[in-house]
Amino acid sequence: MSPILALLIGAAAGAVLALSIYLAVRKVLMKGRRDEIIEQANIEAEGIKKEKILQAKEKFLQLKSEHDKYVNEKNAQIRETEGRLKQKENTLNQQNGELQKKLSEAENMKKSLAGQRESLERKSKEFDTLKAEVTKQIENIAGMTAAEAKEKLVENMKAEARSEAQAYINDTIDEARLNASREAKRIVITTIQRTATEAAIENAVTTFPIESDEIKGRIIGREGRNIRALEAATGVEIVVDDTPDAILLSAFDPVRREVARLALHQLVIDGRIHPARIEEVVAKVQKQLDDEMLETGKRTCIDLGIHGMNIELVRLIGRMKYRSSYGQNLLQHSREVANICALMASELGLNVKAAKRAGLLHDIGKVSTEDPELPHALLGAKLAEQYKERPEICNAIGAHHEEMEMTSIIAPIVLASDAISGARPGARREVIESYIKRLKGMEDLASSYPGVTKSYAIQAGRELRVVVGAEEVSDQQAEALSTEIAQKIQNEMTYPGQVKITVIRETRSVAYAK
């Protein structure tokens, strides 16, 4: 063995020995330290134990004190409740005694009432017996039974009531006859005075102005194709003659004439006049006119304060603007009738809104294309019913020419208002030739009387002024002359409304200063 290896083995053995010694010493030291730690832990645990026991005793004493206090409070409450219950029991016992006493009194009263009831029944039987005997004696004396006497008394009372009622009815009728005429005149005069008197003249021909004859040729077109296309599209007869600077549009329907007029106006301004363009413009104008009629109807309803009307009825109201009746514009006539109805209803204390609504719609059948065979009043009532108008409105529309029985209170108001608007002097005008002829005939009739120097029909024929010579006619004769002329006009002439005859007699003295 080499010395180095021996040295290494020796060193290793020494290290192992030293490690063994270190571990033995450490073991001894650790055992002593463990015993010391355990002893210290036991001491500390004993102290903590004593402290926790003290804390538990304090907590127990505190809880016991609180429990005793709670028990005492509950006992006090129980004692208080027991006192109240005893008091209530005493009260109930007292009330029970009183109730028993009252029951006893009621029982005694019941027995007393039973005795009184038996006495009353006995007396009632005695009364019935006496009544039968007295009735029999009275029947023997009167010679008739009680039923016959009662019947005769009732008949006498009925006759007396009828007599008094008839006298009251007669007095009421006499008073109504005295006041009805005067009151009706007052209402009608007040209504007419407060109503606007607008009127418009509508003809069957519309004149379309043009700038030159060259435009006539363009409107006619090659071989007349433009004018034929325009007539076919509008349904209006277009008259192109020698009249300078004008073309005549002839049709019975004012709406068609208005469509033709507006279409011609746009075509002339645009300058492009041919069949395709004509159809396009006519369709566009018809749409614009429909919108305008709807707007007119809405504006009319707003002006009159009428709301909630079906849109189709509003459209028909706007269509009235282009319709005339006996020369009177239908829309203006309907507005006038609506205002007259409202004023009459106000005077009579009736529903003003319903009367105004019925007055505006009364001629709605004239502008409808449905059922042309029906009279316009019945057709208007049918349309109003179709568009959910109230029954009294429909009846007033259908009965304003007495073609339907009047069942609503506003029906006679609409009838009277329509007559007032139509008969008002100047409201409905005839063709100009017949109008002038009527006025000339009125003047000639007045001039045929002796003593008449001049005669003038003024105010659209509503007044005739007759001038007589002062030397030939006296004041009394002038008064008689006015009556004679009025009577003759009434018998021989036809005129709307009434005509006022004024005879003027005057003396003139003329001198000249030179």
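The values are calculated or read from the model by the stated rules, or taken from the named source; none is laboratory data. Keep in mind the model is a prediction, meaning the values are calculated, not measured. In this analysis, Cβ positions are derived from the backbone assuming ideal geometry, glycine residues included, and neighbour counts consider all displayed protein chains.
For (1) within 22 Å of ALA184 (Cα to Cα); (2) in a helix (DSSP H, G or I); (3) not assigned by TED's automatic domain parsing to the domain that holds ALA399, each residue gets a yes or a no:
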site	(1), (2), (3)
ILE306	no, no, no
ARG319	no, yes, no
ALA338	yes, yes, no
ALA345	yes, yes, no
ALA355	yes, yes, no
GLY359	yes, yes, no
GLY365	no, yes, no
LEU374	no, no, no
ALA377	no, yes, no
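Yes or no, residue by residue, for (1) touching a Gly at 6+ places or on another chain (Cβ under 7 Å); (2) in a helix (DSSP H, G or I); (3) at pLDDT 85 or above:
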| site | (1), (2), (3) |
| --- | --- |
| ILE393 | no, yes, yes |
| ALA396 | no, yes, yes |
| HIS401 | no, no, no |
| PRO412 | no, yes, yes |
| ALA416 | no, yes, yes |
| ILE420 | no, yes, no |
| PRO425 | yes, no, no |
| GLU433 | no, yes, no |
| ARG438 | yes, yes, no |
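So, ALA45, is that one surrounded by 10 or more Cβ atoms within 10 Å (Cβ to Cβ), in a helix (DSSP H, G or I) and at pLDDT 85 or above or not?
Values: surrounded by 10 or more Cβ atoms within 10 Å (Cβ to Cβ): yes; in a helix (DSSP H, G or I): yes; at pLDDT 85 or above: no.
Judged against the criteria, ALA45 is not a match.
In the set (1) at pLDDT 85 or above; (2) buried (at least 16 other Cβ atoms within 10 Å of the Cβ); (3) assigned to a strand (DSSP E or B), the condition left unmet by ARG465 is number (1). Scoring ALA233 on the criteria (1) over 18 Å from GLU280 (Cα atoms); (2) modelled with pLDDT of 75 or more leaves a single failure, condition (1). Here LYS287 passes the criteria (1) part of a helix (DSSP H, G or I); (2) at pLDDT 85 or above; (3) surrounded by 13 or more Cβ atoms within 10 Å (Cβ to Cβ) except the one numbered (3). Checking the condition over 18 Å from PRO209 (Cβ atoms), in contact (Cβ under 8 Å) with a residue 24 or more places away in the chain and of a type in the set (Gly, Ala, Ser), which residue from ALA276, ALA246, ALA233, ALA260 passes? Only one candidate passes the filter, namely ALA233.
Does ILE210 meet the test of being assigned by TED's automatic domain parsing to the domain that holds SER334, at pLDDT 70 or above and surrounded by 10 or more Cβ atoms within 10 Å (Cβ to Cβ)?
Answer is yes for this residue.
Please verify whether segment 310-333 includes one or more residues that are under 29 Å from VAL414 (Cβ atoms), modelled with pLDDT of 85 or more, among the basic types (Lys, Arg) and surrounded by fewer than 19 Cβ atoms within 10 Å (Cβ to Cβ). Yes, some residue in segment 310-333 is under 29 Å from VAL414 (Cβ atoms), modelled with pLDDT of 85 or more, among the basic types (Lys, Arg) and surrounded by fewer than 19 Cβ atoms within 10 Å (Cβ to Cβ).
Residues that are modelled with pLDDT under 70, out of contact with any helix residue (DSSP H, G or I) (no Cβ under 6 Å at 6 or more places or on another chain) and not β-branched (Val, Ile, Thr) within segment 497-514 comprise ARG508, SER509, TYR512, LYS514, listed in sequence order.
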